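The values are calculated or read from the model by the stated rules, or taken from the named source; none is laboratory data. Because the structure is predicted, anything quoted here is derived from the model rather than measured. Using ideal geometry, Cβ is built from the backbone for each residue, glycine included, and neighbour counts are taken over all protein chains shown.
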Amino acid sequence: MSDYCGTGTPPTGVSPAPASASAPETAGQAPVAGPPFAACVLCQEPTGYPESHRGITLCPVCEWREAERTACSG
């Protein structure tokens, strides 16, 4: 039986998801246009939320880590 709140390593037999696009494929493409995106409050990376979004804005990575942290808080 695996440790539910373990170290964050994937269980045996599970491979990481493949990258959807490699660097050469995206190298000459313009960035996605849209509204100015809010910066993540933890790492300052752009998020998918507009700057006018209220509340804490987290990038997908920080949002995932925050969900892991709170899920194992007991």
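In table form, for the structure just shown:
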| quantity | calculated |
| --- | --- |
| Pairs with Cβ under 9 Å, 6+ apart, first in region 45-74 and modelled with pLDDT under 95, second in a helix (DSSP H, G or I) and surrounded by 12 or more Cβ atoms within 10 Å (Cβ to Cβ) | E45/V61; E45/C62; T47/C62; T47/E63; I56/E66; L58/R65; L58/E66 |
| Selected residue (criterion: nearest to the chain's Cα centre (by Cα)) from residues of region 31-72 that are part of a loop (DSSP other than H, G, I, E, B), among the polar types (S, T, N, Q) and loosely packed, with under 13 Cβ neighbours inside 10 Å | Q44 |
